[in-house]
Amino acid sequence: MAFWLRLFSLVLLAIPCSAFADPAPFDLAGPTLEVRVIHAGKTLPISAVPNLSAGDQLSIKADLPDNQSAHYLMVAAFLRGATNPPPQSWFYASQTWSHKDSEGLRITVPKGAQQVLIFLAPETNGDFKAIVDAVRGQPGAFVRASQDLNQATLDRSRLKVYLAAIRAIDQSNPEQLTTASPLLARSLAIKFNPDCLQKIPELQASCLMQGQDSLILNDGHSTSIVEALTSSSVVDLAQQISSTRQADYGYYSPYISSVVDIAHIMDAFRTAQYQYIPALASEQNDLLSLELNAPPSFHNPKSVLVIALPAVEAPQLPPLHPVDPKQVYCAEKTELVLPAEGAPLAFATGYAHDMVLRLKGKNGKIVDLPVKADAEKGGFIANTVGLSPANFGDVLDGSLHGYWGFEAYNGPEFRLENAHPQHWQLSDSDQQALIAGRDDLIHIETENAACVDSILLQNSTGESVKAEWKSTGPNQVAVTVPLKKVKPGALKLLVKQYGSKQPDTVPLQSFAQAGHLDSFTFHAGDLTGTLKGSQLDAVKELTLNGVSFKPMPLSGVDPDEELTLAAADVKAVAGLKEGANATAKIALNDGRELNLDVTVASPRPKVTLLGKSVQTPASSGLGDIQLADSDELPQGAQLTFSIHAQIPAAFTGEEKIEVSTLHGAFLTTLTPANGLTLADSQVALATLNTGKAFAASAAGPLRFRIVKQGIAGDWQPLAMLVRLPVFNNIKCTAKPDAPCDLAGSNLFLLDAVSSNAHFDQATQVPEGFPGYTLSVPRPIDGRLYLKLHDDPSVVNSIAFPQGLLPPLPIATSTARQATSIPAPAKPSTEGNPQSSADKTAPALTSPATAPTTPPAKPSAQ
């Protein structure tokens with residue numbers, strides 16, 4: 001064997017490149033043969049016979065025109081292997097021009113025969129003997145020629161059916177190429193180029209037919225049919241080599257290899273008298289229409305046409321199988337398609353005949369429905385007209401039966417169902433998929449979905465529109481719901497089944513376009529979390545591991561981007577541990593529920609406020625306003641406050657402190673490089689210069705929070721930032737009941753002025769007062785009481801220098817002293833983080849002694 005392998009390798013290398021050139025096409029029409037086969041008393045045309053058997057009777061006749069001028073001698077030869085020359089008795093001749101041979105040849109396949117060749121030779125002296133000697137002299141070559149001719153004929157039959165179908169569709173309905181061409185390619189084992197369907201319709205057909213010979217894919221079934229057994233390992237080896245890539249064959253099917261190989265074999269038989277040219281046969285009923293790739297010659301060397309009949313071998317039944325064994329088909333479809341694949345010759349030839357779909361009724365009676373192979377539909381077509389569903393159950397099994405040549409054939413099984421009312425429901429993943437204003441794809445499911453005929457969408461007004469759909473499984477249908485012109489609300493799908501008068505109803509609900517959910521951030525130990533996304537005002541509730549979170553009242557943050565949700569059960573939230581992964585369920589106001597993956601984050605940093613102190617700038621007016629509340633912080637003052645680490649338990653130096661007004665309009669950040677100093681690993685001091693950190697318009701509650709590695713802690717109240725007016729002068733008359741004129745700047749920062757802490761007879765400052773002089777009550781004992789615009793709940797005071805006011809009459813002065821109210825005490829500085837040299841600055845950590853308890857003021861949180 002190794003010797004022969006080396007020998008053929010050398011021969012292969014010695015073949016010039018021109019030998020592998022594309023063979024000439026078989027496009028010349030030749031004569032026609034009429035062939036019938038009788039097997040066990042049954043007659044079939046040659047187009048229905050895939051193989052011959054010993055004892056078969058062959059009727060072979062040359063169908064030549066009446067005016068045929070050249071006389072052809074028809075010779076039939078049986079072969080029995082590459083190394084066993086056939087006896088002379090296996091050769092039969094018929095003079096086609098003679099009236100005595102007008103019926104042609106009637107011969108019987110001898111026992112031991114494996115191949116049959118037909119020769120059409122121009123009449124010459126010794127023509128019969130020349131053919132007999134050639135075949136007996138090189139039987140292996142003619143065995144190989146028989147195999148190649150049969151292989152090429154079968155492959156070419158597939159290609160011709162494919163090309164004819166593509167041309168017919170292109171002429172009648174080019175748009176159908178999109179669905180039909182893949183089915184044709186699957187049924188006939190043809191190479192399919194999906195890129196062709198991306199071209200404009202006018203170019204699709206030509207693209208699908210490009211490189212015709214290379215379109216044929218390998219089909220093991222047809223190969224097994226033509227390969228009768230031979231005893232020559234040399235022939236087997238030659239066949240293997242001819243199908244290798246090195247010989248430029250075998251890229252797809254053996255078709256190209258066969259045609260080239262035939263040419264080489266035929267050329268080897270050339271003599272001075274005869275040359276042999278191959279003929280491929282197109283089968284139609286009992287006719288073999290011959291096609292040639294070279295014009296025949298009637299001069300020496302004269303052309304002998306070589307035709308192969310099917311091999312003499314055991315039947316090779318087609319390996320048909322369902323495309324999808326799990327698919328269920330509707331028995332009530334008028335034209336029922338049973339998709340099958342695996343045997344291209346069942347679609348390209350007439351070998352499969354008298355095919356039926358066999359069903360078994362309730363009473364055990366067998367019903368056979370005629371079927372036919374249809375490559376364009378991708379399977380076998382059964383006509384169910386006249387089939388009564390009442391004779392069958394809801395589900396029935398059917399199988400293909402018929403004949404493959406003379407052999408009975410039992411084919412694949414298919415499951416069918418009859419139409420009956422169905423309970424349809426929307427798949428779980430599509431419960432909230434329908435968005436008004438766009439087309440959406442959904443899936444509806446039921447027990448058996450094979451009998452769907454049409455689907456309509458019905459809106460709330462009863463108007464219906466067709467919905468596109470396709471089967472995606474035995475119990476599921478994918479529906480494209482047309483919602484571009486539909487408003488949110490209740491809808492219905494009307495599912496019509498074959499044979500049913502009333503459609504099944506599937507209730508649907510379309511929704512408005514929902515926002516997207518980006519993330520939900522929740523830190524272990526918190527009572528609130530932050531949901532980020534869009535259209536968050538539609539959120540009704542969020543549930544995480546059984547803990548319910550409700551939206552908090554909207555603040556200054558855009559609700560379309562960020563929403564704060566608070567836990568409804570403070571105790572339950574303790575079960576949400578750091579690192580826990582869960583799916584949060586977000587309920588929307590319209591009833592939808594969305595899912596969002598959440599990981600519980602680490603606890604947020606936390607600190608405790610230890611103390612604070614303030615340094616106020618020197619006054620440029622008549623004197624300092626005495627602030628009665630230690631939380632009030634004058635604009636322009638410097639605030640120092642100390643904090644203690646809680647979570648984590650120590651500072652690392654990476655921390656920052658953010659200080660802002662209540663709604664974040666003004667914000668500043670203190671860092672270790674700017675205002676934040678670590679006293680030790682657990683205590684830090686922060687220094688805030690309000691005049692530099694905030695604009696002159698900043699006022700109101702200040703809050704602070706710690707930030708570490710991008711994670712911020714809770715806001716905590718820090719102070720009440722207030723802006724102070726500046727008083728330059730006060731003028732009073734000698735009349736005790738006459739008001740005084742208070743002069744200064746930024747007087748609009750006053751809310752009210754009174755001569756006593758009770759504000760019995762106060763002067764209310766107009767909102768946005770633009771003036772520089774204000775009429776106020778006459779000070780008592782040189783003191784006025786003030787309410788500031790930025791914090792009107794606190795009563796503050798100012799004492800004017802002695803001698804600035806004119807003296808009152810003695811009687812009036814004595815009377816006023818009897819009813820005067822003592823001035824607020826100076827705030828204490830004990831226990832504050834302020835140096836002993838700072839005795840003039842009011843301390844914010846100790847409450848000042850005020851004449852009266854002021855009303856509660858808003859929190860800075």
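The values are calculated or read from the model by the stated rules, or taken from the named source; none is laboratory data. Not measured: the values here are computed from a predicted model. Heads up, the Cβs are rebuilt from the backbone with ideal geometry, glycines too, and the neighbour counts pull from every protein chain shown. Just the protein is used for accessible areas: all its heavy atoms, side chains included, with ligands, DNA and RNA removed. Shrake-Rupley method; radii C 1.70, N 1.55, O 1.52, S 1.80 Å.
Note on segment 612-704: with neighbouring protein chains present and a 1.4 Å probe, carbon and sulfur make up 50 percent of its accessible heavy-atom surface.
For segment 507-608, the Cβ-based charge dipole about the Cα centre amounts to some 400 debye (Lys, Arg positive; Asp, Glu negative; other atoms uncharged).
Dipole of segment 660-731 computed with +1 at Lys/Arg Cβ and -1 at Asp/Glu Cβ about the Cα centre; of Gln709, Leu662, Leu685, farthest Cα towards the positive end is Leu662.
For segment 271-395, the Cβ-based charge dipole about the Cα centre amounts to some 260 debye (Lys, Arg positive; Asp, Glu negative; other atoms uncharged). Taking a straight Cα-Cα cut-off under 24 Å and skipping sequence neighbours fewer than 8 places away in the same chain, the lysines within cross-link reach of Lys492 are Lys466, Lys470, Lys484, Lys501.
When you filter the GluC sites (Glu not before Pro) in segment 437-487 for DSSP loop state and at most 16 other Cβ atoms inside 10 Å of their Cβ, you are left with Glu447, Glu463. Annotation: per residue accessible area for segment 425-566 equals 51 Å², rounded to a whole number [probe 1.4 Å, protein chains only].
Note on segment 85-209: with neighbouring protein chains present and a 1.4 Å probe, carbon and sulfur make up 51 percent of its accessible heavy-atom surface. For segment 680-724, the set of trypsin sites (Lys or Arg not before Pro) satisfying both a DSSP loop assignment and a count of at most 10 other C-beta atoms within 10 Å is empty.
The H on the amide N of Ala340, modeled in the peptide plane, is under 5 Å from the matching H of Val323, Gly379, Phe380, each at least 5 residues off or on a different chain.
Judged by the ratio a/c of the largest to the smallest principal axis of the C-alpha gyration tensor, segment 640-796 counts as prolate, that ratio being 1.5 or greater while a/b is larger than b/c. Note on Arg136: accessible area is roughly 90 Å² with a 1.4 Å probe, heavy atoms of protein only. Here the Karplus curve 6.51 cos²θ - 1.76 cosθ + 1.60, taken at θ = phi - 60°, turns the phi angles of segment 398-409 into couplings of x, 9, 7, 9, x, 9, 10, x, 8, 8, 5, 10 Hz, with x standing for Gly and Pro. Taking a straight line from the alpha carbon of Lys577, these lysines sit under 25 Å away, with near neighbours fewer than eight places off in the same chain left out: Lys532, Lys540, Lys550, Lys585, Lys606, Lys708.
Under 10 °C and 1.306 mPa s, how fast does segment 558-696 diffuse according to Stokes-Einstein, given a Kirkwood radius computed over C-alpha pairs? Answer in µm²/s, whole number.
D, rounded to a whole number, is 83 µm²/s.
Placing unit charges on the Cβ atoms of the charged side chains and taking the dipole of segment 378-514 about its Cα centre, the candidate lying farthest along the positive direction among Ser500, Trp469, Leu456 is Leu456.
State whether segment 539-615 is rounded, prolate or oblate according to the following rule on the C-alpha gyration tensor (a ≥ b ≥ c being the square roots of its eigenvalues): a/c under 1.5 gives rounded; otherwise a/b larger than b/c gives prolate, and the remaining case gives oblate. Oblate is the answer for segment 539-615, as a/c is 1.5 or above yet b/c matches or exceeds a/b.
Estimated from the Cβ-Cβ distance and a Förster radius of 56 angstrom, the FRET efficiency linking Asn218 and Asn589 is about 0.35.
Mind running the shape call on segment 343-490? Use the C-alpha gyration tensor, a ≥ b ≥ c as the square roots of the eigenvalues: rounded below 1.5 for a/c, prolate if a/b tops b/c, oblate otherwise. Note, shape of segment 343-490 comes out prolate.
Couplings 3J(HN,Hα) for segment 154-162, derived from phi with the Karplus relation 6.51 cos²θ - 1.76 cosθ + 1.60 (θ = phi - 60°), are 5, 5, 5, 5, 5, 5, 5, 5, 5 Hz, where x marks Gly and Pro. Given a 1.4 angstrom probe, I'd like the percentage of the accessible area of segment 277-320 that is carbon and sulfur, rounded to a whole number. Of the solvent-accessible surface of segment 277-320, carbon and sulfur hold 52 percent. Spin-label pair Ala572-Glu34: with each label point 7 Å from Cα along the Cα-Cβ axis, the two points sit 9.2 nm from one another.
Taking every protein chain into account, the accessible area of segment 632-715 amounts to 44 square angstrom per residue (probe 1.4 Å).
Straight-distance candidates among the lysines for linking to Lys787, with alpha-carbon spacing under 22 Å and chain neighbours fewer than 8 residues away dropped: Lys731, Lys826, Lys857.
Taking trypsin sites (Lys or Arg not before Pro) across segment 414-489, the ones in a DSSP loop with at most 16 further Cβ atoms lying within 10 angstrom of their Cβ are Arg438, Lys484, Lys485. Take 665-673, 392-400 and order them by the average number of nearby Cβ atoms within 10 Å per residue, most first; the result is 392-400, 665-673. In order along segment 170-183, the phi-based Karplus estimate (6.51 cos²θ - 1.76 cosθ + 1.60, θ = phi - 60°) of 3J(HN,Hα) comes to 4, 7, 8, 8, x, 5, 6, 4, 4, 8, 7, 5, x, 5 Hz; Gly and Pro are listed as x.
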